[in-house]
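Here the structure comes first, spelled out in structure tokens, and everything after it is commentary.
The values are calculated or read from the model by the stated rules, or taken from the named source; none is laboratory data. Not measured: the values here are computed from a predicted model. As a convention, Cβ positions derive from the backbone with ideal geometry for all residues, glycine included, and neighbour counts pool all protein chains shown. Areas reflect the complete protein model, heavy atoms only, side chains present, ligands, DNA and RNA absent. Shrake-Rupley method; radii C 1.70, N 1.55, O 1.52, S 1.80 Å.
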Amino acid sequence: MRKNVMKKVTAAILAASMIFSLTACGGSDAPAEAPATEAPAAEAPAAEAPEAEAPEAEAPAAEEAASGEDDLVAAAQAEGSLVVYGSCEEAYLSAACQKFEEMYGIKVDYQRLSTGEVYTKIEEEAGNPSGDVWFGGTTDPYNEAVAAGLLEPYAAKNASHLLGDMYKDADGNWYGIYKGILGFMVNKEELDRLGLAVPQDWDDLLKPEYKGLIGMSNPSTAGTAKLVINTMVQTKGHDEAMKYFQELDKNVYQYTKSGSGPSKMVGPGECVIGIGFLHDGITQILSGYDNIELVIPASGTSFEIGATAIFKGCKHPNASKLWIEYALSPDCVDIAKDNESYQFLVLDNAKQPEEAAQFGLDPDNVIDYDFEDAKQNTAKYVEDFFTAVTNGSADAADGSRFLTE
């Protein structure tokens, strides 16, 4: 399947707005009134006193806050470096790290890993992590890390800008930065060629005519797949969900390592239907694949909260705290849309990407996702998934279909 030149006016306008050149991360050297009385002469001074004193009372608080910020920046700069494991897309990860370097003069080393890979890595390192912070990726693996005691709580000041308490861990172990909608991406040209209809709901994916046409991510490595599993459990019940995955597996061509993998396969025709986050589909459409159609499942869908967190035992704790404050600011999140990432932002002082709304996505048209159930049971549900589809554990999975590299 050749890459199509965009023909739709809307997509063309959107594509023009995102032309942006990226550079790799490198070090930077940037541096109350008084009660009334019968003595009028006594009233005036009492009434005037609060007005005169109010600005002076506010100043120490403002100065203290500024001093605290300056102290954190100085402590972070004294540490000199930061290691970021990023589970968002590479372009955004690179741009976010580069801007942090430019703003604070702190050298950033980063590595792009799927959320499952990050969790496995920090679990193996057992409190002595080689990385400092986690950036991006859905929160189900973050919650697994919380349950395992692998994240460091931090009371972030910029968390005051979050749109609600649902966008943060109750104990400050992670904070949300964006919200992504789960759905399907389909290759319209291939479906037309095969004489097949566009699937409109989750159960449509079980139709035998879609055999070998579907791409999904591997729950051993991708948080996106874990969210798909949790979504089916929460909407269908556990046993029916496992039966669903048994049937779905008959139609799945490949389970990719990364959650965004299926979206990248749809445009070129490597798979015809991809299950994943619809903002990844927008990225592909704006890159030139105008043969892709986005589908929001008719019976309902769920969403990710892309997060950021500090690893317990990290080598650069002050730089890590500064990163969290930075990640929860427009300085960081507003550059996402310029770097191939069109998720809805969850900060009240951020600028929402117009592209997501223009493609018909609604961040509120989602199920009431049970994060607590996901926190407590995701690992078990993943095991049950593999029992259902491979008659064993993840180790029994066919390596040519369940990719880990």
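Things to note:
- Single residue of the range 207-230 satisfying the filter (charged (D, E, K, R) and out of contact with any Ser or Thr (no Cβ under 9 Å at 6 or more places or on another chain)) that is surrounded by the fewest Cβ atoms within 10 Å (Cβ to Cβ): LYS211
- The range 231-255, subset outside any loop (DSSP other than H, G, I, E, B) and either more than 27 Å from GLN376 (Cβ to Cβ) or aliphatic (A, V, I, L, M) (or both), residue most open to solvent (accessible area, probe 1.4 Å): TYR253
- Residue ID - most open to solvent (accessible area, probe 1.4 Å), chosen from residues in the range 286-300 that are in contact with a helix residue (DSSP H, G or I) (Cβ under 7 Å, 6 or more places away or on another chain) and of a type in the set (S, T, N, Q): SER299
- One residue alone among ALA159, ALA170, ALA197 is among the small types (Gly, Ala, Ser) and in a helix (DSSP H, G or I), and that residue is ALA159.
- Residue in the range 199-206 that is touching a Ser or Thr at 6+ places or on another chain (Cβ under 6 Å) and open to solvent by 10 Å² or more (accessible area, probe 1.4 Å) present: yes
- Residue check, GLU117 open to solvent by 30 Å² or more (accessible area, probe 1.4 Å), under 20 Å from LEU82 (Cα atoms) and outside any loop (DSSP other than H, G, I, E, B): yes
- Members of the range 133-156 found to be among the aliphatic types (A, V, I, L, M) and either outside any strand (DSSP E or B) or open to solvent by 10 Å² or more (accessible area, probe 1.4 Å) (or both), listed by number: ALA145, VAL146, ALA147, ALA148, LEU150, ALA155, ALA156
- GLY223 passes every criterion in (1) farther than 25 Å from ASP370 by Cα; (2) touching a helix residue (DSSP H, G or I) at 6+ places or on another chain (Cβ under 6 Å) apart from (1).
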